[in-house]
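Since the structure comes first, as C-alpha cells, the remarks are kept for the end.
The values are calculated or read from the model by the stated rules, or taken from the named source; none is laboratory data. A quick note: this is a predicted structure, and the numbers were derived from the prediction, not measured. Heads up, the Cβs are rebuilt from the backbone with ideal geometry, glycines too, and the neighbour counts pull from every protein chain shown.
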C-alpha cells in the first residue's frame, strides 16, 4: 500500500492536525486537467493535495481539498460500525498526551480511552472532516 486518500474541507487545519500526530508534510500541489478528470471520473477537477508521511517513512496520507467540483458530505458523523473505511490507527508512546494535543486541533474522543488487558491503552477520536483516528499505546 502506498497511501490512503482523505477528502477534507480545510487543508491547512488537516495538515496541522496530522503534524501534531507526528506526521511530516512531504509536499503540496494543485492537480487539475483532463488526466485528473479521466482518472477520478469527475469533470473540471481542481484539487489541492498535501502528502503526509509517517515518521518511519513507510506510510502516507494524501489529504485532498476539492475546489471544483465541490466536495460532497457522504456521512460526516458515521459511527464506527458503518460500512466502509472507518478509522486509521496510529501507534503512540503516550496516548493521554496525544489526545490532549489533538483536542487543541478540534479532535473529540468518541468514547473513552480504555485498556486492553495488560497490552494496550486505546481510544478513538473524530478528527478533520469527521474521520476517525484510533490511537494505541503499547504497555510495558
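Being surrounded by 15 or more Cβ atoms within 10 Å (Cβ to Cβ), closer than 23 Å to residue 16 by Cα and modelled with pLDDT of 90 or more: is that true of residue 125 here? Answer is yes for this residue.
Listed by position, the strands (runs of 3 or more DSSP E) contained in the stretch 68-140 that have at least 3 residues being in contact with a strand residue (DSSP E or B) (Cβ under 7 Å, 6 or more places away or on another chain) and without any contact (Cβ under 8 Å) to a residue 40 or more places away in the chain are 114-116, 120-126. Candidates 23, 1: the one that is closer than 25 Å to residue 133 by Cα and surrounded by 14 or more Cβ atoms within 10 Å (Cβ to Cβ) is 23.
Count of the stretch 63-86 residues, restricted to those that are surrounded by 16 or more Cβ atoms within 10 Å (Cβ to Cβ) and out of contact with any helix residue (DSSP H, G or I) (no Cβ under 9 Å at 6 or more places or on another chain), is 1. Scan the stretch 27-62 residue by residue and report those that are touching a helix residue (DSSP H, G or I) at 6+ places or on another chain (Cβ under 6 Å) and not in a loop (DSSP other than H, G, I, E, B). Correct list: 48, 50, 52. The conditions of being surrounded by 12 or more Cβ atoms within 10 Å (Cβ to Cβ) and either closer than 30 Å to residue 139 by Cα or without any contact (Cβ under 8 Å) to a residue 60 or more places away in the chain (or both) are met by residue 60.
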